[in-house]
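Q: So that we are looking at the same thing, I have put the structure below in C-alpha cells.
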Amino acid sequence: MSDHTTRLRRWRLVLGGEAQASCGALDGPLAEMDQALAALYEPEGPGGLARRPGGRGGSNPQVARWLGDIRKYFPGSVVQVMQRDALERLKLRDMLLQPEMLNTLQPDVHLVASLLALASVIPAGTKETARRVVRQVVEALMQRLEEPMRSAVSGALDRSQRNRRPRHAEIDWHRTIRANLRHWQPEYRTVVPQTLLGYGRKARRPQREVMLCIDQSGSMAHSVVYSSIFGAVLASLPAVATKLVVFDTAVVDLSEQLDDPVDVLFGVQLGGGTDINGAVGYCQSIIREPRNTILVLISDLYEGGVEEGLLRRAAELVEAGVQFITLLALSDEGAPAYDRGLAAKLAALGVPSFACTPDAFPGLMAAAIRRDDVAAWAASQGLVTQGT
C-alpha cells in the first residue's frame, strides 16, 4: 500500500463517513475501526450508540458489543478516552449499573470515579462486580505508587533512633545493604553485612502524625481515589500515625478502614455541599502533637461553610506548629478549577496551596516530614503555588 493511500485512509478515519467520497471506502479491520468510531462520534447514524431499538429496557447489548470492539482495535489509553467520551456525550451512565457492561470496561481511575458517584444507586446484583473493578484499579495503582511513597517517607523520617546493634525486626535493610555494598561477594551473589543499621525501640513510636482531610464533592473524585491509596500506604508505616477524614457538609473519619482502600472508597459519598471549616475544625480537635503533625487539606476550596472560621482555624493551626498544606487537586487531570481568592488568603497565613500529581505526592510528603519549605519545594517541582 502506497504512502498516499495510507494517508487517505487515516484521514478517512479522522473525518468520518462524510469523507468517504474524497478519501475512499475502508475495508477489513479499518472498516471495523471506523464503525466503532462512528458509533460514538456519529451516534445518530446507522449503528450509532444513541439509537436504541427495542424499547426502554435497561440492557443494551449494542453498547456491550461496542465496548468489546474498542478494546479489540484500540490501545488502552485510547479506550479510556473513548469510554469517558461515551459517558459524557451519550449519557451512558446506566451501562455502569449492569454487570455485563462492567465486565467489558477498561478499568481506570475515571471509571472508579464514576462508580463511586453511582455507589448509592448501583443494584445489589452489580455491587460485587463494581467492587471487583475498583479493586483491580486500586491494586494497579498500589503497584505503581506504593514503593515510591514508602521510600520517600522512610528516607525523610528522623533517623536519630538508629543503632548499630538492632534486633532482626528492627533492621533497616535498605540502609544496611547500601552501607555494605563494598562487601559484595560475586561468587555467592550476595552482600555480607559487616555493619547493621536499624531502629531502636523508641523508633516504634510514631515520629509524625499525618492527616489527610479530603473534600468528597463530585469535582474531587479522582483526588479521593489517589488520597485513599496514599492513606493506606502511610497507615502501613509504623513511624507514621495516619488519619483520613472525608467531608461534604458532614465529616466522616475513615481512619479505621485504612487497611483496605476499597472499603475507604465505598465509604465515600461523592457529591453534596462543602463545609471546609467544619472539617478542619474536626481535624484540629483530634491533633495531639501540633509540631509533629502534617495536615493535608485536599479541596478545590469552594467553601460552603464559614470562610472566616476556616481562616481563623488555619491561623491557629500554623501558630501551634502544624504543617498545614492545601492540595487543590491530587490527580493527573491538569490544572484544576478552584477558589483563587481563598487559596491566596490561606497562602498569606502560611498554608501553601497548589495542585499535585500522584507521582509528585511522595516527594511532597518527604519534604513536609523533613520540615522543608513546602512552597519552595513545590515551586522547584514546577507546581504553581499561591502566594509565591
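Values in this text are rule-based calculations from the coordinates and carry no lab data. Remember, predicted model here, so these are calculated numbers, not experimental data. Here the Cβ is made from the backbone with ideal geometry for all residues, glycine too, and neighbour counts use every protein chain on show.
Q: Which distance in nm do the two modelled labels at Leu8 and Gln20 give, with both placed 7 Å along the Cα-to-Cβ direction?
A: 1.6
Q: So if we plug the beta-carbon distance of Asn103 and Glu308 into 1/(1 + (r/R0)^6) with R0 = 35 Å, what FRET efficiency do we get, rounded to 0.05?
A: Step by step, r from the Cβ atoms, then E = 0.10.
Q: Working out 0.36 nm times the residue gap between Glu88 and Arg340, then minus their Cα-Cα distance, what length gain in nm do you get to one decimal?
A: In short, 88.0 nm is gained.
Q: Show me 242-255, 208-221 ranked by packing, highest mean number of other Cβ atoms within 10 Å first.
A: Values: 242-255: 19.6, 208-221: 23.2.
Top of the packing list down: 208-221, 242-255.
Q: By how many nm would the segment from Ile286 to Ser151 lengthen if fully extended, with 0.36 nm per residue of separation less the alpha-carbon distance?
A: 45.8 nm
Q: Treating cross-link reach as a plain straight distance, find the aspartates and glutamates whose alpha-carbon is under 15 Å from the alpha-carbon of Lys127, omitting any fewer than eight places away in the same chain.
A: Lys127 reaches Asp94, Glu100, Asp263.
Q: At a 10 angstrom cut-off on C-beta neighbours, averaged per residue, how do the peptides 331-344, 178-191, 284-297 rank from highest to lowest?
A: Values: 331-344: 15.0, 178-191: 10.4, 284-297: 17.3.
Descending mean neighbour count gives 284-297, 331-344, 178-191.
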